[in-house]
Number of protein chains: 2
Amino acid sequence: MKIEDKIETFNSLIKRRGFIWGPSPEIYGGLAGFYSYGPAGMALKNNILSIFRRELRYFGFGEVECPTIMPEIVWKASGHLDRFIDPILKCSKCATLLRADKFLQEAFPDRMIDGMSYEEMEQLVKANKITCPKCDTPFGKIGEYNLMLKTQVGAGNTVYLRPETATTTYLLFNRLNQDARRQYPIRVFQYGKAYRNEISPRQQILRMRAFDQFELQFFISKEQEMEFEDYEDIKDTLLPLLDWQMQDNNLSEPKMTPLDKAISNGTLKKPAFAYCMYLGYYLTKILGFTDDMIRLRQHSPHERAHYADDAWDLEIKTNQFGWVEICGIHDRTDYDLKCHGKFAKENFEIAMGSDPKNKEIPQILEIAFGPDRIIYTLLDTLFEVEEIKPTKKDDQRIVLKLGLELAPNTVAVFPLKKNEERIRSLAKNIHKKLIENRINSFYDEKGAIGKLYRRQDELGTPFCITVDFQSLEDDTVTIRYRDSMNQERINIPEISNFLKK
Amino acid sequence: MKIEDKIETFNSLIKRRGFIWGPSPEIYGGLAGFYSYGPAGMALKNNILSIFRRELRYFGFGEVECPTIMPEIVWKASGHLDRFIDPILKCSKCATLLRADKFLQEAFPDRMIDGMSYEEMEQLVKANKITCPKCDTPFGKIGEYNLMLKTQVGAGNTVYLRPETATTTYLLFNRLNQDARRQYPIRVFQYGKAYRNEISPRQQILRMRAFDQFELQFFISKEQEMEFEDYEDIKDTLLPLLDWQMQDNNLSEPKMTPLDKAISNGTLKKPAFAYCMYLGYYLTKILGFTDDMIRLRQHSPHERAHYADDAWDLEIKTNQFGWVEICGIHDRTDYDLKCHGKFAKENFEIAMGSDPKNKEIPQILEIAFGPDRIIYTLLDTLFEVEEIKPTKKDDQRIVLKLGLELAPNTVAVFPLKKNEERIRSLAKNIHKKLIENRINSFYDEKGAIGKLYRRQDELGTPFCITVDFQSLEDDTVTIRYRDSMNQERINIPEISNFLKK
């Protein structure tokens, strides 16, 4: 199958099977950058979040949730009001709005636009007489466009929808510090919506205007960053690293590197930051991504956000969009608490070590996941079109090879003949028992058995159970395995225990 | 203990133990109507959501998630742009903004303001020469204040933050109908944020400007509303009903009434709606609320929202705020799909019964929970201050009697002496084993044993395990039960199995 056809099949599948719908609201034509999750997509998302929450409890994290709306002063302090800005070109005649850097990069593929100043971009526009692609009017100055959504609450308070969860977590520092009772580092995460008024939303759910973030934070002392107990347990782990010098040498494939080597050769400066890299990688691997799809790519110094001392993207190799970032790991230093301390007139200096006189503003290390991007990359990479024994009707099958814990349905139960009441009622009972045992079972009788299997393959259901005439006689059913398509008979009373293990 | 003292103790506890913090952001003085959940509050919330999701799968529901931002036309069609409005009094001199109906109700406790027209309220203001409470300037006309938060996306699209999740679910109808493959009613729910620009946010997290909704929807035919298969299984259930005629007779206590009696005497019109009442009640009971704290209160005809043919509030009797609505059950008829059909130029008529020629716009029945209110009412009603054997130091204990599945920690593990390394290391190992078995264990060594118990009582932890010298000899630990405070010895290898059951 050609890759273009496969991508088309995939894009149709994620709508047809209820994973992702949009742009939303579809019946009103859709607003660019806004999507909805259907039942299969939400089940997948909930499974991802459950795994993350369970694992992070094990790693000692607490969870918080803050408002998605914050007053202007918060974003003044965080730097977002002044710096969370895209350069734009606006047509003076037809009002077409373009993101200047992206537009110029496409116009001049051989130039490096990233990192150019506004003046340099303006020079480029003038020198080449760049005009509006819609009405051909010459472009003038580069403008500024703040990516935050603004609104008013109450009697005239200017507020913004948060562009990230992280800042809202930092504002809780005094509370978290009290809650932690001097057990450092403080480990906390927040999951929730963030908003960016993208000029040109694109790539489906990869660049939306409203999206999920799942951001982990360490509040840690300078000393602990360099001598971090938990690092000792994981320092031999190999991670697929692509540092910025490798990128400067035009390499794009990562190299499996032990963390302690990355520390000793200076690629990474701090053991605690290396631990964050490990944790981001660990949480990615348990979702079923394999090493050949993962790389950790370091930002070059000019690519970093305004708050970062070191920054890496954890990226997944997709079929449709190449390497896609699903997680960013950032050394934010004491930048955030320093800024908020200044604006809120709070002193965030605390004693984090054994000496109570030695006070410091905590450093922040961050691991920021984008759950929408996790969902997209899981579907993209685990989607397969298999050629099977070529008969007239069924020469290929679509299958989503989602892990057991991720699949929307763990098992589906079918009656071989829905018009045979004894078979139907036995199948329904088996389904009901599974549900009572809190196993995610799905009952289906709408269609012939081949069609029922195909539908579950497309949803990534690992097991299908079929009840037939033999079931009525010997209390067994057929269980079919999604990946191998093998079938075997299993005793009905053993189904629950079989699925639980 | 006096009730006022108990309420003060409670309000301090929910902050001190990390349940609810705010108004947020606290370090910037806080914005009225916005709150944060701390680690204990989030753990409780996640446990509630997990129970709901698991149960609703059993009841045949799928879950969807839609954008929190929708274009203006959506709210024009839904009626929110024209009718989601509060009457206000605005001072022409000092700009003080008051919600007119609430303000007048307080000024005239004996008059029934609810249901008055704007003209009637204006009459009342004039006749009594009502003035601004801040600067004494006479008030003039009643104004209108739309409760939706407005912003712009892209190049000038006017959009609103959704005031409810329900409408966004309805816009998915075509997709959901395809997904359901003619299995009616369609059962679907959505959990997420909604926003209301309340003029005077109050009562902590009960009336916020940003809040959670968990809204269940049935898309159902008129015929199915009257002949609903699932109703037969539950029609004998007794529900604590307070219909509007009882309220007209000044009754406030509900009467336990079998659903089929409520149907036969005309209190409820439709068996499918009675089933919704049952489902709302069932989901409330499994969280641990008891019948003496629950009532289902019917809206009087003039109290209903613009879309409702019948409406009931499921309310919980709290210590601090009296009866508090945690769930609304609404018969929305075909109002919503009719409106959106008209504005989006879609025909939502479908064949839902056996006759494919008989097409109709589906009716919608809704069960709308407010998770923040569930959290508040659980904490409020399950919070207890117990007098225990009066010694000098410990004459009372604070305890949260949260159900096993709801408590932020299932178990806490303590070393009796943290300086005794063998005890400490055994305690840590027990904790680690529990976590590896995915049991929500919490390890604590910061404080004397009495203090450790008190902290866990305040968090609602059902079990505490203490490791002592005897543990080193005979492989047993002390397990203490939160509610009875009884203690017994248990073999270490049996802890996990004991807690799992």
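Any read-out appearing in this document is the output of simple, stated calculations on the displayed coordinates, not a laboratory observation. Worth saying up front: this structure is predicted, and the values here are computed from it rather than measured. Ideal geometry is used to build each Cβ from the backbone, glycine not excepted, and the neighbour counts take in all protein chains shown.
The table below lists the values:
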read-out: CD proxy at 222 nm, helix term only [per DSSP H run n ≥ 4: -39500 (n - 2.57); per residue of chain B; nearest 500]; value: -9500 deg cm²/dmol
read-out: Given A:LYS261/A:LYS401; B:LYS90/B:LYS193; A:LYS401/B:LYS501; B:LYS134/B:LYS193; B:LYS285/B:LYS501; A:LYS317/B:LYS193, the pairs whose alpha carbons are separated by over 26 Å; value: A:LYS261/A:LYS401; B:LYS90/B:LYS193; A:LYS401/B:LYS501; B:LYS134/B:LYS193; A:LYS317/B:LYS193
read-out: 7 Å along Cα→Cβ, label-point gaps from B:ARG438 to other copies, nm, shortest first; value: 0.9
read-out: For A:ALA412, distant residues with modelled amide H under 5 Å away; value: A:PHE442, A:PHE463, A:CYS464, A:ILE465
read-out: Computed E for B:ASN128/B:GLU223 - FRET, C-beta separation, R0 51 angstrom, nearest 0.05; value: 0.45
read-out: No Cys partner within the rule (Cβ under 4.7 Å), the protein assembly as shown; value: A:CYS66, A:CYS276, A:CYS327, A:CYS339, A:CYS464, B:CYS66, B:CYS276, B:CYS327, B:CYS339, B:CYS464
read-out: Fraction of alpha-carbon pairs over 25 Å apart in region B:1-157 - percent; value: 62 percent
read-out: Ranked by how many other beta carbons lie within 10 Å on average, peptides A:75-81, B:408-414, B:22-28 from highest; value: B:408-414, B:22-28, A:75-81
read-out: Distant-in-sequence amide H partners of A:THR333 (H built 1.01 Å from N, under 5 Å); value: A:ASP309, A:ILE364
read-out: Region B:447-501, Rg to Rh (Cα coordinates; Rh as Kirkwood inverse mean 1/r); value: 0.97
read-out: Shape call, region A:210-313: gyration tensor on alpha carbons, a/c limit 1.5; value: rounded
read-out: Cα shape, region A:407-459, gyration tensor, a/c 1.5 rule; value: oblate
read-out: Charge dipole (debye, nearest 20) of chain B; +1 at Cβ of Lys and Arg, -1 at Cβ of Asp and Glu; value: 1660 debye
read-out: Three semi-axes of the equivalent ellipsoid, region A:85-146, Cα gyration tensor, whole Å, largest first; value: 17, 13, 10
read-out: Rg(Cα) / (2.2 N^0.38 Å) computed for chain A, rounded to two decimals; value: 1.13
read-out: Cα convex hull volume per residue for region B:1-76 (Å³); value: 208 Å³
read-out: Euclidean distance between Cα centres, region B:302-365 to region B:423-501, Å; value: 48 Å
read-out: Label-point gap, in nm, between A:ILE51 and A:GLN183 - each point 7 angstrom along Cα→Cβ; value: 2.7 nm
read-out: FRET E, pair B:ALA305, A:TYR481, Förster distance 41 Å, beta-carbon r, rounded to 0.05; value: 0.25
read-out: Acute angle (nearest 10 degrees) that the helix B:449-459 long axis makes with the longest principal axis of chain B, alpha-carbon atoms; value: 20 degrees
read-out: Average beta-carbon neighbours from other chains, 10 Å sphere, peptide A:147-159; value: 5
read-out: Across the identical copies, how the A:ASN174 labels are spaced - nm, sorted shortest first, 7 Å along Cα→Cβ; value: 5.3
read-out: Rg over Rh [alpha-carbon atoms, Kirkwood Rh] for region B:266-371; value: 1.06
read-out: Rg over Rh, two decimals, region A:313-354 (C-alpha only, Kirkwood Rh); value: 1.33
read-out: Options B:ALA448, B:CYS464, B:ASN46, ranked by Cα towards positive dipole end of chain B, top entry (Cβ charges); value: B:ALA448
read-out: Cβ crowding within 10 Å averaged over residues, with B:122-132, B:210-220 ranked highest first; value: B:210-220, B:122-132
read-out: Label-point gap, in nm, between B:LYS501 and B:TYR118 - each point 7 angstrom along Cα→Cβ; value: 6.7 nm
read-out: Global geometry of region A:158-282, whether rounded, prolate or oblate, following the gyration tensor of its Cα atoms and the 1.5 cut on a/c; value: oblate
read-out: Virtual paramagnetic centre 7 Å along Cα→Cβ of A:GLU405, amide N under 16 Å, in region A:33-56; value: A:44-56
read-out: FRET efficiency for B:ARG99 and B:GLU473, using Cβ-Cβ distance with R0 set to 56 Å, rounded to 0.05; value: 0.25
read-out: Closest approach to the axis - chain B beta-carbon, rotation onto A, Å; value: B:THR151, 2
read-out: Neighbourhood net charge (15 Å Cβ-Cβ; Lys/Arg +1, Asp/Glu -1) for A:CYS135; value: +3
read-out: Spin-label model distance (nm) - A:LYS150 vs A:SER92, 7 Å beyond Cα toward Cβ; value: 2.4 nm
read-out: Isotropic mean projected area of the C-alpha convex hull, the protein assembly as shown (nm²); value: 47.6 nm²
read-out: Region A:349-431: radius of gyration over Cα atoms, expressed as a fraction of 2.2 N^0.38 Å; value: 2.24
read-out: Cβ-vector label at 7 Å, A:GLU232, separations to other copies in nm; value: 6.8
read-out: 3J(HN,Hα) from dihedral phi, region A:203-213, Karplus parametrisation 6.51/-1.76/1.60, rounded to Hz, x for glycine, proline; value: 6, 6, 8, 7, 9, 9, 8, 10, 8, 8, 10
read-out: Normalised contact order of chain A, rounded percent, pairs of Cα under 8 Å and 6 or more residues apart; value: 12 percent
read-out: By average C-beta atoms within 10 angstrom, highest first, the peptides B:41-51, A:267-277; value: A:267-277, B:41-51
read-out: Centre separation in Å (Cα based) which lies between region B:16-33 and region B:140-210; value: 24 Å
read-out: Cα-based Rg / Dmax (Å) for region B:391-500; value: 13.2, 41
